[in-house]
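Engineer: So that we are looking at the same thing, I have put the structure below in structure tokens.
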Amino acid sequence: MKKVRLYEDFIAEDAKTVTPDSDIKIDDFSTDDGIELKSQEIIGAIVSSETEKEFKEYFFDQYGNTAFTEADMQNLVVMYNEYLEEITAKETEEEEEEKSPLSTAMIAFLVFVVAGSSLFQVISSLMDPKNRTD
């Protein structure tokens, strides 16, 4: 059986995901000055940096301040920000999932209280001697 490969398979063949759960793929990157950055190094910098400034500083410390053009650094920052957006979206989704069961339980409790209160009022009015027709 032959396996048909798509054009995208060849382009992203060397691309690595940032983490196993991530959808963000990072390719090797060549700067305008010809410096070759491996995807593993970029991923390491992305994962270990807490801020964009820290991310940039890693590359400037490794290769010097003049090694990157503004466009090069912007491309690297885009990779960092994509990963940050993905992490933020996942955290937000997890927070919403955590809140959902509590919210559902709260709504169920309120419905129970309101229904119980209404039932109590009906029973009370039926038990009131003024409303009886003996």
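Engineer: In this structure, does L119 turn out to be over 17 Å from the mean Cα position of the chain (by Cα), over 26 Å from D32 (Cα atoms) and either exposed (fewer than 10 other Cβ atoms within 10 Å of the Cβ) or in contact (Cβ under 8 Å) with a residue 40 or more places away in the chain (or both)?
Structural biologist: Answer is no for this residue.
Engineer: Then there's this: I need a count of the residues in the range 73-99 that are of a type in the set (D, E, K, R) and under 30 Å from D61 (Cα atoms).
Structural biologist: 3
Engineer: Pairs only if they're at least six apart or on different chains, beta carbon under 8 angstrom, first in the range 35-50 and under 19 Å from E86 (Cα atoms), second charged (D, E, K, R); list them, first residue then second.
Structural biologist: Close Cβ pairs (under 8 Å, with a partner that is charged (D, E, K, R)) amount to S39/D14; S39/K16; S39/D27; S39/D28; Q40/K16; I43/K16.
Engineer: Further, regarding this structure: For residues that are in contact (Cβ under 8 Å) with a residue 24 or more places away in the chain and hydrophobic (A, V, I, L, M, F, W, C), scanning just the range 58-82, find the one that is nearest to F29 (Cα to Cα).
Structural biologist: Among those that are in contact (Cβ under 8 Å) with a residue 24 or more places away in the chain and hydrophobic (A, V, I, L, M, F, W, C), it is L76.
Here, each number is a calculation from the coordinates, and none is a lab measurement. Everything quoted here is computed from the prediction, not taken from an experiment. No Cβ is skipped: glycine too gets one built from the backbone with ideal geometry, and neighbour counts run over all protein chains shown.
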